[in-house]
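Notes for the one structure printed next.
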Amino acid sequence: MTTPAASTPTSEFRVDSAHTYDTSTPVRWIVSHVSRYPLLLVGFVLSTLAFAICSSLVPRIAGLAFDAVDRPDAGQALLTLSLLLMGVVFARGLADFGTINSIERLAQRLERDARSELTTSLLGKSQAFHDRQRVGDVMARAADDVRQLNLMFSPGVQLILDSLINLVTPLVFIAAIDVRMLLFPLLFVAAFAWALRRYSARLDPVSTAMREAFGHLSAGLNETIAGIELVKAAAAEPYERRRFAQNARAFRDQFVRQGDVQARYLPYLLVWLTFAATFGHGLLLLGQGSISVGELVAVIGLVGVLRGPADLSIFTFAMVQMGLAGARRTLALINEETELDENPEGYAGVMKGDIRFEDVTFTFPGAEAPTLERFTFHARPGETVAIVGQTGSGKSTLTKLVNRTFDVDSGRVLVDGIDVRDWNMESLRQQISVIEQEVFLFSRSVRDNIAFGLPGATFDQVVAAAKAAQAHGFITELPQGYDTVIGERGATLSGGQRQRLAIARALLTDPRILILDDATSAIDSATEDEIQTAINAVLKGRTSLVITHRLSQIRRADRIIMLDRSRLVDQGTHAELLERNELYQRIFQRYD
Amino acid sequence: MGFILGGLTGEEYDRNYSDAQLLRRIVGYFRPHLGKMLFVALLIALNAAALALLPVLTSRGIDGALARGAQGVEVFNANLPVLLLMVAAAGLAWTFNFLRQAITARVVGDVVLTLREDVFDAAVERDMAFYDDYSTGRVVSRVTSDTQDFSNVVTLTLGLISEVLIVAIVFVILFSINVRLALITTAITPVILGAALAFRWIARRTSRQAKRVKAEVNANIQESITGIGVAKAFRQEAALHADFERVNAEAYRLGLKQGLVLQSIFPVLGFIAGLGTVVVLYYGGSAVLAGAVTRGEWFLFAESLALFWFPLTSIASFWSQFQDGLAASERVFALMDTEPQVVQTGAEPVPELEGRIEFRNVHFAYKPGSPVLQGFDLVIPAGQTVALVGHTGAGKSSLGKLIARGYEFEKGELLIDGLDIRSFDLVSYRRQLGVVQQTPYLFTGTIRDNIRYGREDASEEQVLAAARNVAGGDWLDSLPAGLDTEISEGGRGISMGQRQLVALARVLLKDPAIVILDEATASIDPLTEAQIQEGLETVLKGRTSIVIAHRLSTVRSADRIIVLSHGRILEEGTHDELLAAGGHYAELFEAYFRHQSASYDPEGLSGPARTPRPRG
Ligand SMILES: Nc1ncnc2c1ncn2[C@@H]1O[C@H](COP(=O)(O)OP(=O)(O)O)[C@@H](O)[C@H]1O
Ligand SMILES: Nc1ncnc2c1ncn2[C@@H]1O[C@H](COP(=O)(O)OP(=O)(O)O)[C@@H](O)[C@H]1O
Ligand SMILES: [Mg+2]
């Protein structure tokens, strides 16, 4: 890699305006997200405090009102105090709104930003990375795991702050009544903190396992649904059902485990023991005559308030743990090293189309043997090179090294004499078009699919490309013509129709290098002729690598390179190979 | 780039259920756990009662002790029973929680599990027409996320039970203190409930929208990730990103809206309750001044009021919080209730098939208005190998899809062994059907797992034999780890041709009566294909097979060749017959062979096409 970016992980795609976050640990990551919105954070804390103050004012004012009936101006005082109370109630409502507004906004932004960060980073990961992922699991992370962050703050953190206030306030009031009575409540606070730590520590593995199980469930399901046609054809519904049930049950079991951890939640016990201990303590003091009955009752009442935080924490801390587990899974993807870098400072010129492989060896990550070994060949600008070889010999892989879908292990791939790793990736890929073997169409309109590589294309350009690819005819027969939305699998079109859309899509971008990976395999000979004519016209002056099993295309190539089991075994013209290469003869003998 | 905000209108099969309908179905899921639920409710009630009783006990205890003139440690000793009761309460509270959490987790876990299994069953039951319309991401999000949100319903309901109990208890207390003040308080209750009901509607609407946009986000991410290869090749990550940001921003907007709506009910209700307190304070005070109420009553009443508001507002907010769960269940049930297009009139277990296929005046269209087949007739005798040829879009694959019963035809009959295909149990029918697609789908796992797919009972030898039967098994050597080669989702990790070989092996292992090869060897080199042909010919012997191919060398050896065009049979016969007849097939064949001949020059054949020159 020539220019590794300073601190951020390498990536094939970056958004300039994007905020950078601290991705070192889940907690720091969350903090760096939250700290983007200091105003919301401050607003949340202040309005929560304001709410707490107003709430404690209500009984105070009521108390004043009870006393006021003794006063001579009782009626007037009562009215004043009632109005005052009304004001406080109103202020309390406002504060409550403020709390909700700030924390909800914060939580939702957190979800939005985290998802955006994850998706952006996914777009920048290499193809090799994506080959390793299961789509459903990635979806679970991007959709549901980041959602846990939202819930972690609203209601999680919101209620934790509430609880904190409800923990501190009674202590302050108790201290005001009699400091000695704080003994057991303070012990409780210490024990509570310890118990919560323990509780969180126990929840932690369960929450992680639960999120993992969910990812698993989603991944399995996604595969089943993506392959539904096969599932049906293979009559494998019972099998899939069993598999799904297994995954769903695994999730259920983790859910139950979480319930079991929650069941062992200690603070319930602690808070009641504190209640009893404080009462006993108070009785002793009462017996000594150092506190009054009223004070004892008040203290007991205040200890009862501690129940609130104890009750809530079972729930809020579970949310925090889920949030952390979600964050961990999200970060795991974001931080995964990817092999390629977009190399923005790299070379970015107009491509002439000279391709040179110099002693290239390439091995797929995880594979034992190289898929391409010591590969050397040269395609001059404007040349058409056909690549032939048996299934699995490495033809497609070879083409993927040209636009740097993968990087070589050793040797070099040069375009216009410049190592592809030294090219600006944007510039490199924009000037190379690939018509891939497995056509992927987006579930958008036909027009948008053709214009995919050139979003600014005019309708006329789209139609021209479609005509060249012999697609215009069937497109106009579709229910809404160019505006027909294609189903996800491109299933509303036949195989040949899809290939023609892919060809139109590639032609529109006006590439300098065109790679056709078996691009016409599902197209009949007559249609292919017409497409070929168009492609040939487009290809004038452009370099093309053509993988095909059709002699009609092979023959008109300037040169043919012949692969056998990851090695380049021969190159030459059709006539030459036919004459001297035995494997070549065997592959194509059926035609002659 | 056209971004369709389809998420907000929902899917076509979405429907609005009334709360009563939803509740009835939801209750159905809980019925098996009724005993446990009642037990938990009882625990909650006991807990609530204990909570309510304890303060009463403490004050009585102290009063009693002091009234007897106790001093010093005596006060403590006199209250020993109360203290012990509290310690016991501590143990009880913990035990209640223990049982409650453990049981609830099991009930919720099991209900969600059952619901997921049901909705999964419904999803795999859907026909291919359904899957043409709805993307994987949307369906997946219903089965995973929406069922999860459904579980909130349970947690909320259990909470509700305890709140109702507390309200009932406090209500009685309030009335016992002072009827007049109690009536004033009661007058406010309808206001609270009214506000809650009003919120319910908004809550349901915003929840519905939020869920739809969530599915939209799911679908967007799913597609971006699946299509990442294309995006990379065209360097269009930025366009995908922009699209995503739009959906994500929309999700933020609607999520925030839902969050604010669901949360705002608390301040609103709190405010109303606060006003109630003011009213009681003022009128109560006035009544004291007028001598209608004693001061003690007034005091007690105002104190108890606080105990009343909290659970009451919880109950009132319940309905709006509940809407989130209802909106989720609505989506789940809608998926389950979708009307399938493929309708079976029966579910007869299918006997061992011979493989005779008959199309009788079949009319078929994927979408109304664009017919693919109109009055199609065809008989394929058992054991025959039929090749379908014709231009792309002629309807060749559609015939295969009808035989596989992926789609419903409008008119006519499709008979297999003389039996109406509509009367079959589809799983047992498809067990006798082998289909290989042009782009076969493979699942995560080894090659071996994939060959075995659909025949889990097959032995290792059978798998190996099937793999060897395809092109002599040579292809296994080019795989990094032979049958143990791991492949990723969809088939990434091996080449397209290899995928087709795996799919062929899969079908051989399945030993079906009817085989459909739809461009099954299009990505395989001619040498390997020739090897496949030899193997296939022996294997397909005795089975009915339909072969669709553009490579006419593949087609040549078929018993019968059918030339299709626009859903009609133009010609049929054997290779030699059709060549002799000099019709369409002869023409196709001619073109094909001209193609493959040494002197072929496509440029010379057709005029130069217009070159698209975008941008410049
Ligand atoms: N994404 C991948 N990960 C690992 N191995 C792969 C991957 N894609 C292909 N291979 C392996 O590389 C070899 C060559 O594949 P490919 O280039 O697609 O062959 P083909 O010549 O048929 O186009 C195959 O044996 C296949 O198993
Ligand atoms: N799932 C689908 N939904 C709507 N239309 C479809 C679908 N699949 C195919 N079609 C249309 O039906 C016609 C016949 O397609 P098909 O049978 O796949 O042709 P082929 O002869 O190439 O196999 C084509 O015009 C195609 O656009
Ligand atoms: Mg290939």
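The values are calculated or read from the model by the stated rules, or taken from the named source; none is laboratory data. This structure is a prediction, so every number in the text was calculated from the model and none was measured. Glycine gets a Cβ as well: all are built from the backbone with ideal geometry, and neighbour counts include every protein chain shown.
Values computed for the structure shown
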item	result
Pair list, Cβ under 9 Å, 6 or more apart: the stretch A:432-448 residue more than 22 Å from B:SER523 (Cα to Cα), other residue within 15 Å of ligand 1 (Cβ to nearest atom) and of a type in the set (Val, Ile, Thr)	A:ILE432/A:VAL402; A:ILE432/A:ILE515
Of all residues making up the stretch B:399-434, the number that are away from ligand 2 (no atom under 16 Å from the Cβ) and part of a strand (DSSP E or B)	10
Check on B:THR155, on the phi < 0 side of the Ramachandran plot, in a helix (DSSP H, G or I) and crowded, with 18+ Cβ neighbours inside 10 Å	no
Residue within the stretch A:414-436 that is within 12 Å of chain B (Cβ to nearest Cβ), within 16 Å of ligand 2 (Cβ to nearest atom) and at pLDDT below 90 present	no
Residue in the stretch B:520-528 that is more than 8 Å from chain A (Cβ to nearest Cβ) and within 26 Å of B:GLN384 (Cβ to Cβ) present	yes
Test: B:ILE487 is of a type in the set (Val, Ile, Thr) and either facing chain A (nearest Cβ under 8 Å) or more than 16 Å from ligand 3 (Cβ to nearest atom) (or both)	no
Cβ pairs under 7 Å, 6+ apart, first in the stretch B:464-490 and of a type in the set (Phe, Trp, Tyr), second surrounded by 19 or more Cβ atoms within 10 Å (Cβ to Cβ)	B:TRP475/A:THR391; B:TRP475/A:GLY392; B:TRP475/B:GLN498; B:TRP475/B:LEU501; B:TRP475/B:THR528
Residue in the stretch B:102-122 that is basic (Lys, Arg), without any contact (Cβ under 8 Å) to a residue 60 or more places away in the chain and in contact with a helix residue (DSSP H, G or I) (Cβ under 9 Å, 6 or more places away or on another chain) present	yes
Residue list for the stretch A:117-127, filter: touching a residue at least 24 places away in the same chain (Cβ under 8 Å), at the interface with chain B (Cβ under 8 Å from one of its Cβ atoms) and assigned to a helix (DSSP H, G or I)	A:THR120, A:LEU122, A:LEU123, A:GLN127
Verdict on A:LEU110 being modelled with pLDDT of 90 or more, touching a helix residue (DSSP H, G or I) at 6+ places or on another chain (Cβ under 7 Å) and more than 9 Å from every other protein chain (Cβ to nearest Cβ)	yes
Some residue of the stretch B:378-389 being closer than 19 Å to B:ALA558 by Cβ and facing chain A (nearest Cβ under 10 Å)	yes
Test for A:LEU164: is it in contact with a Pro (Cβ under 9 Å, 6 or more places away or on another chain), surrounded by fewer than 22 Cβ atoms within 10 Å (Cβ to Cβ) and in contact (Cβ under 8 Å) with a residue 12 or more places away in the chain	yes
Residues of the stretch B:322-360 that turn out to be farther than 16 Å from B:PHE130 by Cβ and in a loop (DSSP other than H, G, I, E, B), as a count	11
Residue within the stretch B:496-512 that is under 26 Å from A:ASN222 (Cα atoms), at pLDDT 85 or above, within 8 Å of chain A (Cβ to nearest Cβ) and more than 16 Å from ligand 3 (Cβ to nearest atom) present	yes
Segments classed as strands (runs of 3 or more DSSP E), wholly inside the stretch A:362-480, with at least 3 members that are more than 14 Å from ligand 1 (Cβ to nearest atom) and in contact with a helix residue (DSSP H, G or I) (Cβ under 8 Å, 6 or more places away or on another chain)	A:410-415
Top-ranked residue of the stretch A:561-582 - restricted to ones that are of a type in the set (S, T, N, Q) and more than 18 Å from A:GLU358 (Cα to Cα), ranked as surrounded by the most Cβ atoms within 10 Å (Cβ to Cβ)	A:ASN581
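Here is a yes/no grid of residues against (1) of a type outside the set (A, V, I, L, M, F, W, C); (2) assigned to a strand (DSSP E or B); (3) within 16 Å of ligand 3 (Cβ to nearest atom); (4) facing another protein chain (nearest Cβ under 9 Å):
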site	(1), (2), (3), (4)
A:GLN497	yes, no, no, yes
A:ALA504	no, no, no, yes
A:PRO511	yes, no, no, no
A:THR527	yes, no, no, yes
A:GLU530	yes, no, no, yes
A:THR533	yes, no, no, yes
A:LEU578	no, no, no, yes
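Let's see how each residue does on (1) more than 8 Å from chain B (Cβ to nearest Cβ); (2) within 17 Å of A:GLY136 (Cα to Cα); (3) assigned to a helix (DSSP H, G or I):
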position	(1), (2), (3)
A:ALA195	yes, no, yes
A:ASP204	yes, no, yes
A:ALA213	yes, yes, yes
A:HIS216	yes, yes, yes
A:GLY220	yes, yes, yes
A:LYS232	no, no, yes
